[in-house]
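A short write-up of the structure that comes next.
We did not get these values from a lab; they are worked out from the coordinates using the rules stated. Predicted model only: the values in this text are computed from it and were never measured. All Cβ positions, glycine included, derive from the backbone under ideal geometry; neighbour counts span all protein chains shown.
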Amino acid sequence: MSESSELGTIETGGLKTRDSNLYRIDRLHYWLTLEGSSFLLVLAGGFVPIGIVLVCLICAAGAFLPYMVKVLYQEKRHGWIVGLAVLSGIEACLLLLPIKEMLFRTVVLMYLPLLMFYGYCWALRFAVGQWLLELREETGIRTRKS
């Protein structure tokens, strides 16, 4: 028999686990922390061709973005979704600028959008960590020792 709380529960393999909101936020925090580790790829740029590093960073961002938006939507964190949309709009406006100098164009078209996205993820990671603490306090679950 399964008890359900106000937030609902998830059952995996017959074992009752954390509340679904807590689980979603915990997973998002995990992936944001892992996404932040992508910075190590930038450091690897000295040993690996920069093109490969950029492709890896772009693929990681593209693969993570739908999951991040899904969790933010499920958690009703619409302000963060609007912030991401504004950030994307700024990036789209930058693409419309007529830039003739190749080096500056490369920076604006490739590096700046990645920097903005990873900066957004970095800020979101701290906010999600705070949401996680608040939710754990509400549900009475002790925080993990890190």
Spin-label point model (7 Å from Cα, Cβ direction): what's the residue 90 to residue 33 distance in nm?
2.8
How much length would be gained if the chain were fully extended between residue 137 and residue 63, taking 0.36 nm per residue of separation minus their Cα-Cα distance, in nm to one decimal?
23.5 nm
How large are Rg and Dmax for the stretch 18-137 when calculated on the C-alpha trace, in angstrom?
16.1, 54
